[in-house]
1. Roughly speaking, what is the stretch gain from residue 159 to residue 14, that is 0.36 nm per residue apart minus the C-alpha to C-alpha distance, in nm to one decimal?
2. Take the alpha-carbon centre of the stretch 224-273, take the same for the stretch 193-214, and report the distance between them in whole Å.
3. For the pair residue 279 and residue 228, how long in nm is the line joining their label points, each one 7 Å along Cα→Cβ?
4. If packing is taken as the average count of other Cβ atoms within 10 Å, what order do 32-44, 179-191 fall into, highest mean first?
5. Could you tell me which of rounded, prolate or oblate describes the stretch 138-286, using a ≥ b ≥ c as the square roots of the eigenvalues of the alpha-carbon gyration tensor, with rounded for a/c under 1.5 and, failing that, prolate when a/b is larger than b/c and oblate otherwise?
6. Which percent, to the nearest 5, of DSSP beta bridges fully inside the chain are antiparallel?
7. Do you know the relative contact order of the chain, to the nearest whole percent, from alpha carbon pairs under 8 angstrom that are 6+ apart?
8. Fewest to most neighbouring Cβ within 10 Å: what's the order for 122, 67, 259?
C-alpha cells in the first residue's frame, strides 16, 4: 500500500554510498500515478529513462510532450538545427521525431500524449504585422529569433502568454486525477521551453518531482534559488544493466548530436520536495 501524508503520496528513498559521501536513491513505487512532463520529443527519456524502466509493467505512467511541432518560415538558428540533424525539412524531421518517441515510449509501456505546440525555435508571434515582417526576415516574426540569445536565455517572453495558458491547461487536466505525481524539468541549461514547463508545473502545485535536464546537467548545475525556494533534495535512480542507454539510442535523429562520442551510462538525477520524502531500509529521516 502506498504511504501517504495528509492524502499525499510519500516518495521513498534509500541511503546509498557515493563517491563524496552518502546519497539518496529513489525507490520506484509502481503503485503511484505518474505524469512525466517532457518539453521536447526525448527529454523525459533522456533524464528519467531509468525511472521509467524501473516502474515496469502495470504502473500508471503518462509521458506528455508539450512542444512537438514546427512551422515556417525558419530562422537562421532553425535552419542550422535542421542541418545538424541532416533533415531535408522541419516537417519531415518532426514527423520522424514523433514516430521515434512513440516507439521508445511503447517499450516502457507509457501512455503517450503529444500536445501539438510549436517548439520555441519555430514559435512565431501572432498577428498580421508579425506575419508581414516574417516575410521580410523570419527573425522579425519569431518569439525567440535566435537560439543562443533567446531560446537558451531562459526568459519566457510576454509574447508566449498564450503558450503558457495552453501548457497550463494540459498540465492541469493531466494532474487532475488524484493523487498524481508530476515529474517536470528543473530547467538546467536554461532552454526557455524547459523553464516554461518547470514554472507551469510549480504553479499548478500538488506533488512535483523535478528532473535535472540531460544532457545539460552533465555540464551545468541546477538553479540554486529554485531548489532552495522549493526545498528540493537531490535523489538518484541509477542504471540497472545498460539502463536507459538503449532507449536514448531510439531517438536516432538526435542522439549523434547530443552524444557525439556515444551514449554513456547515465543515472537519473531527481530533485524531490523534502516534505514528500520518507526513508526506507533505515538511515533516519530525509
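1. Details: separation 145, 0.36 × 145 = 52.20 nm, distance 4.39 nm.
Stretched fully, the residue 159-residue 14 segment lengthens by 47.8 nm.
2. 15
3. Using points 7 Å along Cα→Cβ, the separation is 2.5 nm.
4. Answer by packing, highest mean first, reads 32-44, 179-191.
5. Since a/c reaches 1.5 but b/c is at least a/b, the shape of the stretch 138-286 is classed as oblate.
6. The antiparallel fraction comes to roughly 40 percent.
7. Relative contact order, the chain: 25 percent.
8. Details: 122 23, 67 27, 259 18.
Ranking 122, 67, 259 by Cβ neighbours within 10 Å, fewest first, gives 259, 122, 67.
Taken together, the values in this text are just the output of simple stated rules run on the coordinates, not laboratory data. These figures come from a predicted structure and were not determined experimentally. For neighbour counting, all protein chains shown are included, and Cβ atoms are generated from backbone atoms with ideal geometry for every residue, glycine included.
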